[in-house]
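Working notes for the structure below.
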Amino acid sequence: MSSRRAWWRRSTSSSSKQYRPMSRKVLLVSATGGELRDYLGQLGVKPPRIGELAQLGDRLTLLLTGVGASSMALALGQQDLSTYDMVLCAGFAGAYTRELSVGEAVLVGKDRFWDYGLWRGNTLVPLERAGLPQLVEPSGGYFHATSLEVKGMRTVYGNTVSHPTEGRIAFGTFAPEGAIAVESMEGAAFAMACQLAGVESVSLRVVSNYCETRDKAEWNIALARERLAGSVDALLTAIG
């Protein structure tokens, strides 16, 4: 493994919370500090204010963007993403199928704005199919959210929504036939911003709930936080 590809490694001392520097510069982004609470707790770091950068180490920077596509786009738009070697987005997601387990970590390979478009009769037509221009044009309706291959992690499609899906779906399709998808409120905006900046990106999501009737008994935030912390750590190691 080349030194250029070396990422942060956890200290071999079980009592130590220190990390040694990576050789690449990485921006870690998340909508909220709550999603990364366990990970930041391992580092002994308090969540920064929304929109403010926090140094987690010599070459690892954290940015909390706020919830929703507009907050993600604006927060990333204020940063010079070209100064980073990679941008990693980490957060929770809702799953449309029980083929995914609550607490399971996945990579979102492609993401799209699912409920953004024009209604024509009973059909919601996506912006690109309606002939409306966008700052970055999607390919086949999707933006590339993860530009690297990571062995051992399932890659799924992503739907970015303006509100969590509950119960009966009134528009669109989940993903190409036979594909598995998850949803978030920021993923496509993240992918779009990284694509515009020409920077490598990875979209990491942990399933916190199913996209069904909003039954909190089906949610497991504590498990999602725990698994996200471990997945961020493991992902940075695996990519190196």
Note down the relative contact order for region 88-144 as a percent, whole number, built from C-alpha pairs under 8 angstrom at least six residues apart.
29 percent
Using a basic spin-label model with each label point 7 Å from the Cα along Cα→Cβ, how many nm lie between SER162 and LEU223?
3.3 nm
Which aspartates and glutamates, on any chain, are close to LYS110 with Cα under 13 Å apart, when same-chain ones fewer than 8 places away are left out?
GLU149, GLU183, GLU186
Using θ = phi - 60° and the Karplus curve 6.51 cos²θ - 1.76 cosθ + 1.60, what whole-Hz ³J(HN,Hα) does each residue of region 230-238 get, with Gly and Pro shown as x?
x, 6, 4, 4, 5, 5, 4, 6, 5
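None of the figures in this text is laboratory data; all of them are computed from the coordinates on show. What you see is a predicted model, and the numbers here were worked out from it, not measured in a lab. A quick note on method: Cβ atoms are made from the backbone with ideal geometry, for glycine too, and the neighbour counts reach across all protein chains shown.
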